[in-house]
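Take a look at the structure set out below.
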């Protein structure tokens with residue numbers, strides 16, 4: 001991560017956006033060599049951007065991650081988007097599972113002490129966001145309208161409130 005003021009602003013905005021998501025798509029390398037994505041409820045988002053997911057120990061994603069821990073996480077919510085690449089680890093920690101437990105998880109598990117429950121810790125190496133919500137969306141719509149009127153194509157926006165990339 002760069003130490004510039006804009007770099008700090010981008011990282012702060014990235015983490016703020018990330019913490020607003022409740023669900024993500026976790027994409028792993030499938031056994032056939034392609035990609036395998038599935039929606040996941042986010043158990044917790046740490047202050048450094050690490051995501052925690054709860055899953056079944058026998059799920060295909062657990063075996064896929066044991067073979068290749070590289071993963072991609074994609075998050076989208078109306079007009080906010082985050083994409084991250086990094087490594088995912090299978091974590092067997094009953095205390096952490098109890099700390100992350102939320103009652104809606106009961107549709108997948110008997111409870112926080114279910115022996116099939118395991119955790120996935122996703123640690124991002126890099127991430128990118130696009131934010132067209134609220135005032136940012138109005139600014140982006142204005143940029144698009146201006147480009148259209150001038151007969152130009154809209155260019156990448158150098159505004160940390162709208163778009164940014166974080167490297168770790």
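Structure notes:
- Against the criterion of being surrounded by 14 or more Cβ atoms within 10 Å (Cβ to Cβ), in contact (Cβ under 8 Å) with a residue 40 or more places away in the chain and touching a helix residue (DSSP H, G or I) at 6+ places or on another chain (Cβ under 6 Å), residue 44 qualifies.
- Count of residues meeting criterion [in contact with a helix residue (DSSP H, G or I) (Cβ under 7 Å, 6 or more places away or on another chain) and touching a residue at least 24 places away in the same chain (Cβ under 8 Å)] in region 89-119: 4
- Residue check, residue 28 touching a helix residue (DSSP H, G or I) at 6+ places or on another chain (Cβ under 8 Å), at pLDDT 95 or above, farther than 22 Å from residue 100 by Cα and surrounded by 19 or more Cβ atoms within 10 Å (Cβ to Cβ): yes
- Some residue of region 59-75 being more than 15 Å from residue 166 (Cα to Cα) and either loosely packed, with under 12 Cβ neighbours inside 10 Å or touching a helix residue (DSSP H, G or I) at 6+ places or on another chain (Cβ under 6 Å) (or both): yes
Each row is one residue, and each column tells you yes or no for (1) over 24 Å from residue 16 (Cα atoms); (2) surrounded by fewer than 17 Cβ atoms within 10 Å (Cβ to Cβ).
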| site | (1), (2) |
| --- | --- |
| 51 | no, no |
| 57 | yes, yes |
| 85 | no, yes |
| 91 | yes, yes |
| 103 | yes, yes |
| 121 | no, no |
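The values are calculated or read from the model by the stated rules, or taken from the named source; none is laboratory data. Small disclaimer: the values here were computed from a predicted structure and weren't measured. Every residue, glycine among them, receives a Cβ derived from its backbone with ideal geometry; neighbour counts consider all protein chains shown.
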